[in-house]
Structures are given as C-alpha cells and as structure tokens.
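The values are calculated or read from the model by the stated rules, or taken from the named source; none is laboratory data. Predicted model, so just to flag it, every value in this text is computed and none were measured. Here the Cβ positions follow ideal geometry from the backbone for every residue, glycine too, while neighbour counts run over all protein chains shown.
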Amino acid sequence: MSTVPAVAPATTAKPPRIFWFFAVIVFVHLLVPLAFTPWTFVWWGVPALIIGNFVFGSLGINLGYHRMLTHSAAKFPKPLERLWVIFGVCSLEGSPLWWVCTHRMHHQHSDDAGDPHSPKDDFYWGHMRWIYTADPRRQSLETYAKYVPDLMGDKFLRWLHRGEKWLFVWLAHVVLLTAAGFGLGFALFDTTNDALMFAAQWFLWVIVVRTVYVWHITWFVNSASHRWGYRNYETNDRSTNNWWVAILTNGEGWHNNHHAAPRACSQGHRWWEVDLTFTFVRALQVVGLAWDVAPVKVPAHLRDRKPPSEGPPPAEGAPPG
Ligand SMILES: [Zn+2]
Ligand SMILES: [Zn+2]
C-alpha cells in the first residue's frame, strides 16, 4: 500500500483516494453486522476476539511493527521476530516498511504540518481517512531511504513490501484460518449444517470482527490519544494518556508517555498505567527469549514538570520512569 497523505487536510487540496484499499476497508466493515445475527452471534466469539486481538494486534502491531521494528525497543530470536511481523501483516495495516515509515514520520512531525495523521483539525482524518488517501511522499524511495534505512537491508521486509506481497500473506492467513474453522466444525459437530454454521461463526469472529476491532483500536491511538486524556509530560505535540485506548490496545494508549520516551519498551510509566504488551515482553525476557529491552528514559527537560491534569493521582513519591 503505497499510500501517503502529505499533510493534514486543512492544508491539503484534496489528495486522491486509494480506491482499492478504501474498498477493502468498506467491504470488511460491511461484513461485521453478519456476526450479530441470531445464527452467528456466539458467546465464544468474545474470548476469541480478545485472544485474536492479543495475537494479531498486540504481538503483531504493538510489539512487532511498533515497538520492535519502529523503535528497536527489544530484541527476540529471529523466528519470533518474523512471527511478530507476520502477525502484524495479518492485521491488514500495510507492509511493515510502509507502517514503520509512516510512524517515524509521525514522531518527527507530531501534530505538525508533516504529520501523516494528526487529528488536530479533523478527528476522522487522524482516525482513518489518512490511511486511504494518497500521499506522494511515501511513494518515493528517498522517503524510505530517509526514514527506514535500517530496515531496507532486511530481505524479508523488502519482499513483503515489493509488489504488495504482504497482501498475499494476509490472504493466505485468511484461507488457513477459514480452513481451520471448517476442520473444527466437522470435527466437533455431527451434521453438515451444524459444521457449516460453526465455520461461518468462526470466519466472522476470528477474522472479520477481529480485523475491524484491531484496525479501530490502532487508529484510536492516533486519533483519541492525540485528543483526549491526561499528560504526564509536556511534549511538543498533543499526545495524551488515554485509559480506555490503553485497555483496548493492551498498553498503547499511554501515548503521551510514548512520545516522551519513544524507545522505551514499556509505555506505562506510573503504577496504574498497565501495559500488557510490555508484561508479555518481560515474561519472555525472564525465560531468555527477549533481550536489549529499552528502559524508560525520559529526557531531563520533560521530567518532573507537572502531575497529570486528570485521571488517578500520581504514585506516592514515584516519579515517572
Ligand atoms: Zn502519536
Ligand atoms: Zn511510536
């Protein structure tokens, strides 16, 4: 997906829409109501969604695309690194190189004219319109050479990016998961009707609802966590710590903390700022499957500035970080 909104809409003359990606987003959204009919709504869909979000959203996007690739916040054995990237690809949020390039531009120009997705002037733009709007910057090799030079040498990442092959990996995961649904259906149920119904429920909850859920919670980090919440640090942007985005995303909603210390693997800086994605990294670290986990290092000029303007009180005598 070589999309790229140049700047926020207030300063742009209507850049063209990436029609195919817009069509995919609309189509997948239109399938969601099918998961809520009397025949397809199932209570096991809820834990399936929570697990699906953890695997594809938290391990794929939060950990793989964001903390590991974009910010080098931790290292893992190569097979695990590849696995996180594949989980990220299966979230249908673009190639890893495109995603990382976009996000590094966001950090460099947060809420400024060069920010690919600031919600400052238009919430919907910052939430999702930017994603299906063309941006010539990210179609140029120079931009990639500037923002992702460390990843351009990775053959696997280049392979995924060139010719949009990441889309075929995503499609393969849809086929595999759908086949697993059919297999389970016929293994668990005696009649063909029951087995097919299970396969349909599985497809809707394990693929469709999860994809839309992970899309929106990722986009809420860009939109809601740049609009609503409290700030631990006076960063040069509008990033906020938003508790409900943090809960939905397993930790990414503590976004003001993240802008203050982008490399830090943990995005929760105070005791109530729970970050399950980081808890998972810590667990891997204990068993030797993660190392070089970047600590929280807030620049001196941002430390001890002021307590949160809303939310729970600060921990007793515990400065952030
Ligand atoms: Zn941000
Ligand atoms: Zn970041």
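Taking residues in the stretch 215-230 that are under 15 Å from H258 (Cβ atoms), and partners anywhere that are of a type in the set (D, E, K, R) and outside any helix (DSSP H, G or I), the pairs with Cβ atoms closer than 6 Å and at least 6 places apart or on different chains are V221/E252; H226/R238; Y230/E310.
How many residues does the stretch 178-220 contain that are hydroxyl-bearing (S, T, Y) and either within 18 Å of N53 (Cβ to Cβ) or not in a helix (DSSP H, G or I) (or both)? Give the derivation first.
Of all residues in the stretch 178-220, those hydroxyl-bearing (S, T, Y) come to 178, 191-192, 211, 213, 218.
Checking which are either within 18 Å of N53 (Cβ to Cβ) or not in a helix (DSSP H, G or I) (or both) leaves us with 191, 211, 213, 218.
Result for the stretch 178-220: 4.
The single condition among (1) touching a residue at least 40 places away in the same chain (Cβ under 8 Å); (2) under 22 Å from N250 (Cβ atoms); (3) not in a helix (DSSP H, G or I) that W43 does not satisfy is (1).
Counting only residues that are assigned to a helix (DSSP H, G or I) and basic (K, R), which one in the stretch 59-83 is farthest from the chain's Cα centre (by Cα)?
Going through the qualifying residues, I end up with K78.
W125 passes every criterion in (1) in contact with an Asp or Glu (Cβ under 7 Å, 6 or more places away or on another chain); (2) within 16 Å of ligand 1 (Cβ to nearest atom); (3) not polar (S, T, N, Q) apart from (1).
Among the residues of the stretch 110-121, not a single one is surrounded by 14 or more Cβ atoms within 10 Å (Cβ to Cβ), modelled with pLDDT of 95 or more and either more than 30 Å from F280 (Cβ to Cβ) or more than 12 Å from the chain's Cα centre (by Cα) (or both).
Filtered by the rule that a residue be away from ligand 1 (no atom under 14 Å from the Cβ) and closer than 13 Å to V214 by Cα, the stretch 241-250 gives I247, L248, N250. Restricting the stretch 136-181 to residues that are of a type in the set (S, T, N, Q) and at pLDDT below 95 leaves a set whose member that is nearest to A195 (Cα to Cα) is Q139. From the list F156, F168, the one residue that fits, being aromatic (F, W, Y), in a helix (DSSP H, G or I) and without any contact (Cβ under 8 Å) to a residue 60 or more places away in the chain, is F168.
Pairing each residue of the stretch 244-255 that is touching a residue at least 60 places away in the same chain (Cβ under 8 Å) with any residue that is of a type outside the set (G, A, S) and assigned to a loop (DSSP other than H, G, I, E, B), provided the two are 6+ apart or on different chains, yields C-beta distances under 6 Å for G251/Q267; G251/D275.
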